[in-house]
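Asks: Take a look at this one; I'll ask things after.
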Amino acid sequence: MDIATRVHNHKWKIDPIVRSLIDTDFYKLLMCQSVFHNKPDTQVTFSLINRTTRIPLAKLIDEGELREQLDHIRSLSLSRGESTWLRGNTFYGKRQMFRPDFMEWFENLRLPPYHLERKGDQYELTFEGKWPEVMLWEIPALSVLMELRSRAVLNTMGRFELQVLYARAMTRVWEKIEALRQIDGLSVADFGTRRRHSFLWQDWCVQAMIEGLGDKFTGTSNCLIAMRREVEAIGTNAHELPMVYSALAKDDAALAQAPYDVLSDWHEEHEGNLRIILPDTYGTQGFLDRAPDWLARWTGIRIDSGDPAAGAEIALRWWLERGEDPTTKRVIFSDGLDVAMMQDLQKQFSGRVQVSFGWGTLLTNDFRGFVPDDALAPFSLVCKAVSANGQPTVKLSDNPEKAMGPAAEIERYKRVFDVGPQARQAVVV
């Protein structure tokens, strides 16, 4: 595909940013099914949060165009082929991962309304309603904002300028792939949907990974691309689950137990490589110190904030203390990865644990240094659950720069989860 020409001739009505309800991350569908069965009537609010406030989204992106894209998403429903793929495909070695009652609900779903308002140089974008419906807005909303920002920059460029831009970006991706090809035992997946440059670019990156890395490329988090390119759909669970379960807790004792209640529900539904712990929502060390013994028997852990090597060392010590063999366990690194970091982590942990990488923004949105003022550089945009049944949600993370929630609630959560001093790290993406 000649992406530069396609971009030069963009007409969104025939080339919408989000093309399908399964143009989303696989973990969202897995979590959605869990929520559908366990907390279907919980009322939640999701909100867009631009952590990189120097990017004036409301100046760059036309409100009318943003509304057109969001309204288009609300018109989407599952196609027959998409439904057949979800119902009949094998995911993580299991057929019929998605149950008939969930699929019947999903096949009839239209995403609920949104609220959009300009506040200075930023947009306030919120979604309210039942948790299983509202949660499916997160990934498409992020995809729309990220791509509209890209388009705002690209619209100022001519045909040849675009051709050179994409040639340089393709060369950069391929050089990264050539470097990764040299890593023995590499296992890497595409996790780049939420902050991608564009759908077309993510699809191109996945095809490049398929050709360039062969078996070292394990799949993509994007369900639509996984279906079209016939690769594995990759993903487990995210911070959203413990954040909402914790907000629903009636007192401090229930709050302390909430992150484990999440995984207890998950344990009942999934097995094998889907039993991956995400321990950093309220601090990795404390989470593992208080964890029940049955969690140590899970398949692995995902490291998504803080110093990745330090987080992995904590996990290895924890497994050893619980009588588990770390060489049989998997550590998935997924925070701010690029080639040098993957090379270092693979070298440090190879032979000690099974190492995997979920490569996100710096795979699917690395246009750094290619245009004046670095106007295509990736930035940190999230869409998070901010309340559940009227109670605020909180995330602490292993990096306090990623913490979110009312100040008083953050302090309460730090007390309940015994979170001590934390090292601040810059949030790049």
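Asks: Of Lys39/Lys250; Lys250/Lys384; Lys94/Lys130; Lys329/Lys395; Lys130/Lys384, which sit over 18 Å apart, Cα to Cα? Present the calculation step by step, with values, prior to reporting the outcome.
Replies: Details: Lys39/Lys250 15 Å; Lys250/Lys384 21 Å; Lys94/Lys130 28 Å; Lys329/Lys395 26 Å; Lys130/Lys384 15 Å.
In this structure, Lys250/Lys384; Lys94/Lys130; Lys329/Lys395 exceed 18 Å between Cα atoms.
Asks: Rounded, prolate or oblate: pick one for region 66-222, where a ≥ b ≥ c are the square roots of the eigenvalues of its C-alpha gyration tensor, a/c under 1.5 means rounded, and failing that, prolate if a/b is larger than b/c, else oblate.
Replies: Details: a/c = 2.34, a/b = 1.12, b/c = 2.09.
Because a/c hits 1.5 or more and a/b fails to exceed b/c, region 66-222 counts as oblate.
Asks: Relative to the Cα centre, what is the charge dipole magnitude of the chain, using +1 at the beta carbon of each Lys and Arg, -1 at the beta carbon of each Asp and Glu, and rounding to the nearest 20 debye?
Replies: Details: 52 positive and 59 negative charges, 108 e Å.
Dipole of the chain, to the nearest 20 debye: 520 debye.
Asks: While we're on this one: Return the single residue from Gly212, Gly93, Gly336 with maximal mean-square fluctuation; model: Gaussian network over the chain, springs between Cα atoms under 10 Å.
Replies: Among Gly212, Gly93, Gly336, the largest mean-square fluctuation in the Gaussian network model of the chain belongs to Gly93.
Asks: Name the shape class, rounded, prolate or oblate, that the alpha-carbon gyration tensor gives for region 343-427, where a ≥ b ≥ c are the square roots of its eigenvalues, rounded holds for a/c under 1.5, and otherwise prolate holds if a/b is larger than b/c and oblate otherwise.
Replies: Numbers: a/c = 2.33, a/b = 1.32, b/c = 1.77.
The shape class here is oblate.
Asks: Whole number in Å², please: accessible area per residue of the chain, 1.4 Å probe, ligands, DNA and RNA not counted. Could you put the intermediate results ahead of the total?
Replies: Values: 17320 Å² over 429 residues.
So the chain comes to 40 Å² accessible per residue, rounded to a whole number.
Asks: Now for a different question. Name the residue, out of Asp325, Asp251, Asp398, whose mean-square fluctuation peaks in a Gaussian network model built on the chain with Cα pairs under 10 Å.
Replies: Asp251
Asks: Which of the GluC sites (Glu not before Pro) across region 189-233 are loop residues per DSSP, with 13 or fewer other Cβ within 10 Å?
Replies: Values: sites: Glu211, Glu230, Glu232; in loops: Glu230, Glu232.
Qualifying residues, ordered by number: Glu230.
Asks: Using a 1.4 angstrom probe on heavy atoms only, work out the carbon and sulfur share of the accessible area of the chain in %. Let's see the in-between values first.
Replies: Working: 8130 of 17320 Å².
Summing carbon and sulfur atoms, their accessible area is 47 percent of the total for the chain.
Asks: Based solely on its DSSP helices, what 222 nm [θ] is calculated for the chain when runs of n ≥ 4 H residues each add -39,500 (n - 2.57) and the sum is averaged over all residues, nearest 500 deg cm²/dmol? Kindly include the intermediate steps, with their values, before the conclusion.
Replies: Values: 19 runs with 193 residues, N = 429.
Counting only the DSSP helices, I get -13500 deg cm²/dmol.
Asks: Taking the Cα centre of the chain as the origin and placing charges on Cβ (Lys, Arg +1; Asp, Glu -1), which of Ala189, Met1, Val244 is farthest toward the positive end of the dipole?
Replies: Met1
Asks: Charges only on Cβ, +1 for Lys and Arg, -1 for Asp and Glu: so what's the dipole of region 190-307 about the Cα centre, in debye to the nearest 20?
Replies: Values: 11 positive and 19 negative charges, 77 e Å.
Here region 190-307 has a charge dipole of around 360 debye.
Asks: Quick one: putting +1 on the C-beta of Lys and Arg, -1 on the C-beta of Asp and Glu, what dipole do you get for region 207-253 around its Cα centre, in Debye to the nearest 20?
Replies: On the way: 4 positive and 7 negative charges, 32 e Å.
With Lys and Arg at +1 and Asp and Glu at -1, about 160 debye.
Asks: Put +1 on the Cβ of each Lys and Arg and -1 on the Cβ of each Asp and Glu in the chain; which of Thr327, Ile314, Gly360 then has its Cα farthest toward the positive end of the dipole?
Replies: It is Gly360, whose Cα lies furthest towards the positive end.
Asks: Given a Förster distance of 56 Å, report the FRET efficiency between Lys250 and Thr327 from their Cβ-Cβ distance, rounded to the nearest 0.05. Before the final figure, lay out the partial values.
Replies: Values: r = 41 Å, r/R0 = 0.74.
The calculated FRET efficiency here is 0.85.
Asks: Within 11 Å, Cβ to Cβ, of Ser47, how many net charges do the neighbouring residues add up to if Lys/Arg are +1 and Asp/Glu are -1? Before the final figure, lay out each step's value.
Replies: Values: positive: Lys384; negative: Glu124, Glu128, Glu138.
Spelling it out: positives minus negatives among the neighbours equals -2.
Asks: So, one more: Given the options Thr171, Leu136, Leu30, identify the residue whose Cα lies farthest towards the positive end of the charge dipole of the chain (+1 on Cβ of Lys, Arg; -1 on Cβ of Asp, Glu).
Replies: Thr171
Asks: Among residues other than Gly81 whose Cβ falls under 14 Å from its Cβ, what is the net charge (Lys/Arg +1, Asp/Glu -1)?
Replies: Numbers: positive: Arg19, Arg80, Arg87, Arg228; negative: Asp23, Glu82, Glu107, Glu230.
My count for the surroundings of Gly81 gives 0.
Asks: Still on this structure: Classify the chain as rounded, prolate or oblate, taking a ≥ b ≥ c as the square roots of the eigenvalues of its Cα gyration tensor: rounded when a/c is under 1.5, otherwise prolate if a/b is larger than b/c and oblate if not. Mind dumping the intermediate values first?
Replies: On the way: a/c = 1.41, a/b = 1.22, b/c = 1.16.
It is rounded, given that a/c, with a ≥ b ≥ c, falls under 1.5.
Asks: What does DSSP give for the chain in terms of the percent of beta bridges that are antiparallel, rounded to the nearest 5?
Replies: Details: 24 of 42 bridges.
Given both bridge residues lie in the chain, the antiparallel proportion sits at roughly 55 percent.
Asks: Continuing with the same structure: Pick out, in residue order, every one of the chymotrypsin sites (Phe, Trp or Tyr not before Pro) in region 79-108 that is DSSP loop and has at most 10 other C-beta atoms within 10 Å; say none if there are none.
Replies: none
The values are calculated or read from the model by the stated rules, or taken from the named source; none is laboratory data. Everything numeric here is computed off the predicted structure, so don't read it as measured data. Glycine also receives a Cβ, built like all others from the backbone with ideal geometry; neighbour counts cover every protein chain displayed. Note: accessible area is taken over every heavy atom of the protein model, side chains too, but ligands, DNA and RNA are not part of it. Shrake-Rupley method; radii C 1.70, N 1.55, O 1.52, S 1.80 Å.
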